[in-house]
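Structure first, commentary second.
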Amino acid sequence: MPPRLAQIIVFASLLHGTAPTEGVSITFLANEGVMLSSGGDKVLIDALFQKYETGYAVPADSTQAVLAAARAPFDDVDLVLVTHRHGDHFHPAPVAAHLRANPRARLVTSKQVIDSLRGRLEPNAAIESRLLARTMAPGSRRREVIDGIGIELLGLPHGGRRHRAVEHLGYVVELGGRRVLHVGDTDITEAAFAPFRLDTARIDVALLPVWMVTSREGQRVIERWIRPRQVVAIHVGEGQERRATRDVAQALPGAITLVRSLETYRW
Ligand SMILES: [Zn+2]
């Protein structure tokens, strides 16, 4: 683009009070944990957790410490999102520590996650006002703008009948002119996704569990009900990195797999 045209576009978007579409950076942490950032905005999803059962990947101890302490590059986070309470996505101790260390961070998640966090927080009105309980019934959706960041909450149930009591939600986060979908450990059936018509929502990046990307049923949902510009596979078990990367590339050409902690991609 000629520099003058670029300047005109930036100027026009300033006139309209909207940020230029500068794109979004996605920093992978481990399992399904990511940080999305654009300009001064930062969003953590399923990023504050600890060593869980055998086979689940976690960030290095040093990365976990920096995340919990809300130190750079994980400082000034605006939103902390958690899809559900399972230990490979959430632990109350680092979430409580992060919220104490960063007075601007707001937690937007299920009531179940917030209830398990409350046991870790001494009564504290300043933090209480930053806990936004948003349990979503399956098939329901809700769009909100929090701190200037648009997010859509999706009532996607957790996969597997034995997890039916687990409150679970997916998110579409709007940052830098991009729309990023994170589905947690979603049920991968068409029935779960059809109500949202994400195929008409212009999803730029879909962060999906690896088993969804490599299964026939999951691929059908991706092609028919999500239609993202880029598929990104996450939730790869420890020691499965090579195999998962190969399987994803074979199953869905063009899809990528995130396995290296602190690797950052830009869209
Ligand atoms: Zn789970």
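Values in this text are rule-based calculations from the coordinates and carry no lab data. All figures in this text were calculated on a predicted structure; none of them were measured in a lab. Ideal geometry is used to build each Cβ from the backbone, glycine not excepted, and the neighbour counts take in all protein chains shown.
Annotations for the structure displayed:
- The modelled label-to-label distance for the pair residue 60/residue 266, using points 7 Å beyond Cα in the direction of Cβ, is 2.3 nm.
- Rg followed by Dmax, in Å, when segment 194-263 is reduced to its Cα trace: 12.0, 37
- Electrostatic tally near residue 87: other residues with Cβ closer than 13 Å to its Cβ, Lys and Arg +1, Asp and Glu -1, net -3.
- Residue among 81, 181, 252 with the largest mean-square fluctuation in a Gaussian network model of the chain, springs linking Cα atoms under 10 Å: 252
- For segment 134-248, the direction-averaged projected area of the alpha-carbon convex hull comes to 7.8 nm².
- Against the rule of thumb 2.2 N^0.38 Å, how large the Cα Rg of segment 32-180 comes out: 0.99
- Value in Å of the Kirkwood radius, where the chain supplies the Cα pairs that are averaged: 18.9
- Normalised contact order of the chain, rounded percent, pairs of Cα under 8 Å and 6 or more residues apart: 18
- Given charges at Cβ of Lys, Arg, Asp, Glu: segment 22-266 dipole, positive-most of 258, 205, 50: 205
- Cβ-defined net charge surrounding residue 78, 12 Å radius [Lys, Arg +1; Asp, Glu -1]: 0
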